[in-house]
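Participant: I have a structure I would like to understand better, so I am pasting it below and will then ask my questions one at a time.
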């Protein structure tokens with residue numbers, strides 16, 4: 001999809017594909033934490049530890065992603081500026097804050113069941129259901145944005161997200 005005539009990538013804080021990618025990134029990160037908890041053996045203290053890890057991880061990765069976004073903006077500006085020193089714009093900072101919030105806030109829908117549901121097994125099922133739904137919605141949106149079949153792309157994103165989470169857990173992440 002095109003942004004329209006005369007609209008460069010840097011004229012918008014985040015492109016749709018970037019927003020979708022950031023949401024997927026945050027979802028996969030929080031899923032590595034929520035999927036690692038054993039519903040059969042976990043008590044409230046283990047849930048609290050898992051939530052602390054999930055929120056902390058996405059908080060830090062949101063900051064890292066925002067910083068990397070700002071570095072990419074500077075690199076783009078250096079290509080545009082002949083001899084002038086590249087500088088970040090207000091739009092760049094808005095984009096960085098948006099990335100941070102997007103990565104961090106996507107933690108909440110997946111984590112909320114563990115906060116409000118006392119039964120860890122039920123909370124895990126609700127959390128996983130929310131995560132699968134969000135992965136599908138993000139995949140659907142990605143499919144629409146890039147011209148693929150949205151329903152199939154949503155399904156593939158659910159499968160891909162699950163595989164990435166499983167690989168991350170298996171490798172000790």
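The values are calculated or read from the model by the stated rules, or taken from the named source; none is laboratory data. Fair warning: this is a prediction, and the values are worked out from it, not measured in the lab. FYI the Cβ positions are ideal-geometry reconstructions off the backbone, even for glycines, and counts take in every protein chain you see.
Participant: Give the residue that is modelled with the lowest pLDDT, with candidates limited to residues of segment 107-139 that are more than 22 Å from residue 163 (Cα to Cα) and not in a loop (DSSP other than H, G, I, E, B).
Facilitator: Here the answer is 120.
Participant: Something else now. Need the failing condition index for residue 95 against (1) part of a loop (DSSP other than H, G, I, E, B); (2) at pLDDT 85 or above, just the number.
Facilitator: Against the list (1) part of a loop (DSSP other than H, G, I, E, B); (2) at pLDDT 85 or above, residue 95 comes up short only on (1).
Participant: Would you mention how many residues in segment 121-136 are in contact with a helix residue (DSSP H, G or I) (Cβ under 7 Å, 6 or more places away or on another chain) and surrounded by fewer than 20 Cβ atoms within 10 Å (Cβ to Cβ)?
Facilitator: 4
Participant: Something else: Given the criterion under 17 Å from the mean Cα position of the chain (by Cα) and closer than 21 Å to residue 34 by Cα, identify the matching residue among 113, 109.
Facilitator: 109
Participant: Do you know which of the residues in segment 140-150 that are free of Cβ contacts under 8 Å to residues at least 40 places away in the same chain and in a helix (DSSP H, G or I) is nearest to residue 103 (Cα to Cα)?
Facilitator: 140
Participant: Run residue 32 past the list (1) within 25 Å of residue 171 (Cβ to Cβ); (2) surrounded by fewer than 17 Cβ atoms within 10 Å (Cβ to Cβ); (3) at pLDDT 85 or above and report the number of the one that doesn't hold.
Facilitator: Exception for residue 32: condition (2).
Participant: Filter segment 1-29 down to residues that are outside any helix (DSSP H, G or I) and under 15 Å from the mean Cα position of the chain (by Cα) and give me whichever is modelled with the highest pLDDT.
Facilitator: 15
Participant: Cβ-Cβ under 6 Å, sequence separation 6+ or interchain: first residue in segment 27-52 and under 19 Å from residue 105 (Cα atoms), partner at pLDDT 85 or above and loosely packed, with under 12 Cβ neighbours inside 10 Å. Which pairs?
Facilitator: Once the first residue is under 19 Å from residue 105 (Cα atoms) and sits in segment 27-52, no partner that is at pLDDT 85 or above and loosely packed, with under 12 Cβ neighbours inside 10 Å comes close enough.
Participant: Mind listing whichever residues of segment 118-138 are within 16 Å of the chain's Cα centre (by Cα) and free of Cβ contacts under 8 Å to residues at least 24 places away in the same chain?
Facilitator: 130, 133, 136, 137
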